[in-house]
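S.K.: Quick one: structure below, then a few questions.
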Amino acid sequence: MYVAVKGGETAIRNAHKLLAKRRRGDTSVPALTLEQIAEQLSHSVARVMGEGSLYDETLAALAIKQARGDLIEAAFLMRAYRTTLPRFGYSQPVDTARMLVERRISATYKDLPGGQVLGPTFDYSYRLLDFTLAAESDGAELPVETAEMRDEAMPRVTDLLGDEGLMEPDPITDVDAPVGDLTREPLAFPADRDLRLQNLARGDEGFLLALAYSTQRGYGRTHPFAGEIRYGEVEVEFFAEELGFAVTLGTIKVTECQMVNQFKGSSKAAPTFTRGYGLVFGQVERKAMSMAMVDRSMRWQELGEEQSAPAQDIEFVLSHSDNIQATGFVEHLKLPHYVDFQAELDLVRRMRAEWFEKRDQNPDEDAAAQEAAE
Amino acid sequence: MTEASTPDGTSSHTAGAQLERQKIMATLAAAAPDAIAEKFHALQAADYELVRQPETGLVMVRGRMGGTGNPFNLGEVTVTRCVVRLATGETGSSYSLGRNKEKALHTALIDARWQRDEERAQIEQDIITPLAEAHAAAGETVKQETEATKVNFFTMVRGDN
């Protein structure tokens, strides 16, 4: 049976007007500016840029404001916006060794060239609410310490291990091989590591965190050490065809995580550490670490490991990591399903009618079954 | 170009000029729109035509697996570009992160005028050098603040008992 769905235009229009009013809230409270969001909610902005897969702080701030702080909704707005813009091309790969480092730590070496710098971090804080932030005094300029920087190189920890031959080298194959792009081709399996890393880089932080955690708890153990986490600015360079040379577009902030994992070796190759890699927009360490752990888990086949856990299941991970797709499918259940449901109703009524009919025809059988059960 | 063009001389001169131009374009791209506007408006106006209107689009940023391996696509950035031609013939271009079309136009015009031998020294002195210095100073501040958070970890060796 066909059940037509029509109408609701006025209700929808009024609901959106009401949303606008509720979004603004009490007008005696000043409205948030995009600068305030970008400056003071930088972790939210970073998450929206990462999962929206579009680096633009002001746009992300706008999306957060419009979405009333719903970060998945904000990432959705970013993804929708990007479809309105032409693609100029691909950048040169960013060089994280040349990062203007604001934070760099290693859990594997206490002394390493360039040293460890904590930078702005929640680590080692007591997680006590700071009520001075609720007071009027917030807004005063806060002094910080400075120290003269020795111009010391900060090589990646994995490169140090590589120099000793203890680390598997980064994969370098055909330089002219095409690089998979999820924004151009839909995801297909088996997915190579380039597609997997792109998928993870824009994947949901919570989903990746849970998967990474599951590997630590034994579901596909990979024995990770945080070899290095670094955060800071990297230059983005783009080869401009019409100019015939590469131009520097500016800098973006990224977090990079190198996870060092247990060994592989064979009769032909001596044992080495293996690695997982995380790279995300902004300061989003939890996700960079999770990404590196899940990247490593999904390399089970290449490293000759057994598959036993969800975090190793490439199709499962990549098909469910995107929160825009996930929320679209889950939330579409709110939309009218009257036609589908009408069919289900008919079906369940028919099934019930048959059931009652059968029972009424054989009342003795029913009683016998009950006795047997007793 | 005023230099005699021998094959070798031409190419090295061109490479040098290109490197210089890459540097000034990078300096301009890194500057804030307000700073560019202020410097631009301090210049005498010059006639030009738009070759390519200021246009905002996307560049897909790439990273490398493990930092040094095969490339992969990380995510996109917004980029605005513009091309202008001066009445005197020089073509200027701009490419920078963000969506500011005014900055794109100003930057392309500064790039074009920097290419004129008559204006280069002035533009370097009034625009490029101060912007580059401000950028370097901001980077230096970050470095110094970061350096103050450098740690020295000590591992405690446990005794035998």
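S.K.: How are the C-alpha pair distances of region A:1-64 spread across 5 Å bins, as whole percents from the shortest bin up?
M.R.: For region A:1-64, the binned pair fractions read 3, 16, 16, 13, 14, 14, 9, 7, 5, 3, 1, 0 percent.
S.K.: Can I ask one more? Within the set of other residues whose C-beta is less than 14 Å from the C-beta of B:Thr78, count the net charge using Lys and Arg as +1 and Asp and Glu as -1.
M.R.: Computed value for this residue: +3.
S.K.: Ok, one more. Which one, A:Ser44, A:Val254, B:Gln18, projects farthest toward the positive side of the charge dipole computed for the protein assembly as shown from Cβ point charges (K/R +1, D/E -1)?
M.R.: It is A:Ser44.
S.K.: Give me Rg over Rh for region B:32-132, both radii from the alpha carbons and Rh done the Kirkwood way, two decimal places.
M.R.: That ratio is 1.08, to two decimals.
S.K.: Additional query: When the helices in the protein assembly as shown are scored as -39500 (n - 2.57) per DSSP H run of 4 or longer and the sum is shared across all residues, what 222 nm value do you end up with, to the nearest 500 deg cm²/dmol?
M.R.: Result for the protein assembly as shown: -13000 deg cm²/dmol, rounded to the nearest 500.
S.K.: Do you know the relative contact order of region A:9-82, to the nearest whole percent, from alpha carbon pairs under 8 angstrom that are 6+ apart?
M.R.: 27
S.K.: Please determine, in degrees from 0 to 90 and to the nearest 10, the orientation of helix A:205-216 with respect to the longest principal axis defined by the Cα atoms of chain A, where the helix direction is its Cα long axis.
M.R.: 80
S.K.: Starting from the Kirkwood radius over alpha-carbon pairs of region A:46-198, derive D by Stokes-Einstein at 37 °C in a medium of 0.692 mPa s and give it in µm² s⁻¹.
M.R.: 161
S.K.: Among A:Leu211, A:Leu166, A:Leu18, which one shows the highest mean-square fluctuation when chain A is modelled as a Gaussian network with alpha-carbon springs under 10 Å?
M.R.: Maximum fluctuation in the GNM of chain A, among the listed residues, is at A:Leu18.
S.K.: Follow-up question, since we're still on this one. Let me know the mean shielding of A:104-117 by other chains, meaning the per-residue number of their Cβ atoms within 10 Å of its Cβ.
M.R.: Per residue, the average neighbour count from other chains is 2.
S.K.: Is there a quick way to get the dipole size of the protein assembly as shown? I mean about its Cα centre, with the Cβ of Lys and Arg at +1 and of Asp and Glu at -1; what is the value in debye to the nearest 20?
M.R.: Result for the protein assembly as shown is approximately 820 debye, rounded to the nearest 20.
S.K.: Further, regarding this structure: Once the piece of chain linking B:Thr141 and B:Gln125 is laid out straight, how much longer is it, given 0.36 nm per residue of separation minus the C-alpha distance between them?
M.R.: Additional length available on full extension: 3.4 nm.
S.K.: Most fluctuating residue of A:Ala11, A:Ala201, A:Ala61 in a GNM of chain A with Cα springs under 10 Å: which is it?
M.R.: A:Ala11
S.K.: Quick one: Cα centre-to-centre distance for region A:96-133 and region A:243-299, in angstrom?
M.R.: When both Cα centres are located, 18 Å separates them.
S.K.: Now, a different point. With labels modelled as points extended 7 Å from the Cα through the Cβ direction, what inter-label distance (nm, one decimal) is found for B:Lys150 paired with A:Asp346?
M.R.: So the label points at B:Lys150 and A:Asp346 sit 7.7 nm apart.
S.K.: What does the highest-first list of A:82-90, A:228-236, B:79-87 look like by mean Cβ count within 10 Å?
M.R.: Highest-to-lowest ranking by the protection proxy: A:228-236, B:79-87, A:82-90.
S.K.: Now for a separate question. Using a Cα-Cα cut-off of under 26 Å, which lysines could be cross-linked to A:Lys110, ignoring same-chain neighbours fewer than 8 residues away?
M.R.: Correct list for A:Lys110: A:Lys253, A:Lys264, A:Lys287, B:Lys143, B:Lys150.
S.K.: In whole angstrom, note down how far apart the Cα centers of region A:136-177 and region B:106-141 are.
M.R.: Centre-to-centre (Cα) distance: 30 Å.
S.K.: Still on this structure, please answer the following. Any idea what the relative contact order of chain A is, in percent, if you count C-alpha pairs under 8 Å spaced at least 6 apart?
M.R.: This gives 18 percent for chain A.
S.K.: Right, something else. With θ set to phi - 60°, apply the Karplus curve 6.51 cos²θ - 1.76 cosθ + 1.60 along region A:83-99 and write out the HN-Hα couplings as whole Hz, x wherever there is a Gly or Pro.
M.R.: Values per residue, Gly and Pro as x: 5, 8, 10, x, 9, 7, x, 10, 7, 5, x, 5, 9, 6, 6, 9, 5 Hz.
S.K.: Here is a follow-up. Excluding A:Ala67 itself, calculate the net charge of residues whose Cβ lies under 13 Å from the Cβ of A:Ala67, where each Lys or Arg counts +1 and each Asp or Glu counts -1.
M.R.: Charge balance in the 13 Å sphere: +3.
S.K.: For A:His320, what accessible area in Å² do you get when you roll a 1.4 Å probe over the heavy atoms of the protein chains, rounding to the nearest 10?
M.R.: 100
S.K.: Let me ask something additional. Taking B:Lys39 as the anchor, which lysines have their alpha carbon closer than 17 Å to its alpha carbon, excluding any fewer than eight residues away along the same chain?
M.R.: Cα-Cα hits under 17 Å: B:Lys101, B:Lys103.
S.K.: Over all residues in A:43-52, what is the mean tally of Cβ atoms on other chains that come within 10 Å of each residue's Cβ?
M.R.: The per-residue average across the peptide is 1.
S.K.: When you count, for each residue, the other Cβ atoms within 10 Å and take the mean per peptide, how do B:106-114, A:323-331, B:53-61, A:110-118 rank with the highest first?
M.R.: So the peptides B:106-114, A:323-331, B:53-61, A:110-118, ranked by packing, come out B:106-114, B:53-61, A:110-118, A:323-331.
S.K.: With each label point set 7 Å from Cα along the Cα-Cβ vector, what nm distance links A:Ala210 and A:Asp176?
M.R.: 4.5
S.K.: Now a separate question. Between B:Lys150 and residues 5 or more places away or on another chain, which pairs have amide H atoms under 5 Å apart, with H built 1.01 Å from N, and which residues are they?
M.R.: Counting only residues 5 or more places away or on other chains, the set is A:Leu118.
S.K.: Considering chain A as a Gaussian network with a 10 Å cut-off on Cα pairs, which listed residue, A:Ser266, A:Ser321, A:Ser28, attains the greatest mean-square fluctuation?
M.R.: Greatest mean-square fluctuation among the candidates belongs to A:Ser28.
S.K.: Then there's this: By how many degrees, between 0 and 90 and to the nearest 10, does the Cα long axis of helix B:101-114 differ from the longest principal axis of chain B?
M.R.: Approximately 70 degrees, to the nearest ten.
S.K.: Could you work out the local net charge near B:Ala148, counting Lys and Arg as +1, Asp and Glu as -1, over the other residues with Cβ closer than 11 Å to its Cβ?
M.R.: Summing Lys/Arg as +1 and Asp/Glu as -1 gives -2.
S.K.: Still on this model: Which ³J(HN,Hα) values, rounded to whole Hz and listed in residue order, are derived for region A:33-45 from phi using the Karplus coefficients 6.51, -1.76 and 1.60 in 6.51 cos²θ - 1.76 cosθ + 1.60 with θ = phi - 60°, glycine and proline given as x?
M.R.: Running phi through 6.51 cos²θ - 1.76 cosθ + 1.60 with θ = phi - 60° gives 9, 5, 5, 4, 5, 5, 7, 9, 10, 5, 6, 5, 4 Hz.
S.K.: Still on this structure, I have one more. Report the extension gain between A:Lys358 and A:Tyr338 in nm, rounded to one decimal, defined as 0.36 nm multiplied by the number of residues separating them, less their alpha carbon distance.
M.R.: Gain on extension, A:Lys358 to A:Tyr338, equals 4.2 nm.
S.K.: Another question about this same structure. With r as the distance between the Cβ atoms of A:Phe245 and A:Gln307 and R0 = 60 Å, compute the FRET efficiency 1/(1 + (r/R0)^6) and round to 0.05.
M.R.: The calculated FRET efficiency here is 0.80.
S.K.: On alpha carbon coordinates alone, what is the Rg over Rh value for region A:86-165, Rh being the Kirkwood radius?
M.R.: Taking Rh as the inverse mean 1/r over Cα pairs, Rg/Rh reads 1.11.
S.K.: What percentages make up the Cα-Cα pair-distance distribution of chain A when the bins are 10 Å wide from 0?
M.R.: Percent of Cα pairs in each bin: 4, 17, 25, 22, 14, 9, 6, 3, 1, 0.
S.K.: Using alpha carbon centroids, what distance separates region B:74-94 and region A:56-91, in Å?
M.R.: If we compute the Cα centre of each part, the gap is 24 Å.
S.K.: Here is a further query. In peptide A:158-167, how many Cβ atoms from other protein chains are near each Cβ within 10 Å, on average?
M.R.: 1
S.K.: Further, regarding this structure: Report the accessible area of B:Lys143, computed with a 1.4 Å probe over the heavy atoms of all protein chains in place, in Å² rounded to the nearest 10.
M.R.: Result for B:Lys143: roughly 60 Å² accessible.
S.K.: Based on the Cβ-Cβ distance of A:Glu185 and A:Val330, what FRET efficiency does E = 1/(1 + (r/R0)^6) give at R0 = 22 Å, to the nearest 0.05?
M.R.: Efficiency, rounded to the nearest 0.05: 0.35.
The values are calculated or read from the model by the stated rules, or taken from the named source; none is laboratory data. Small disclaimer: the values here were computed from a predicted structure and weren't measured. FYI the Cβ positions are ideal-geometry reconstructions off the backbone, even for glycines, and counts take in every protein chain you see. Side chains are part of the model used for accessible areas, which takes the heavy atoms of the whole protein and leaves out ligands, DNA and RNA. Shrake-Rupley method; radii C 1.70, N 1.55, O 1.52, S 1.80 Å.
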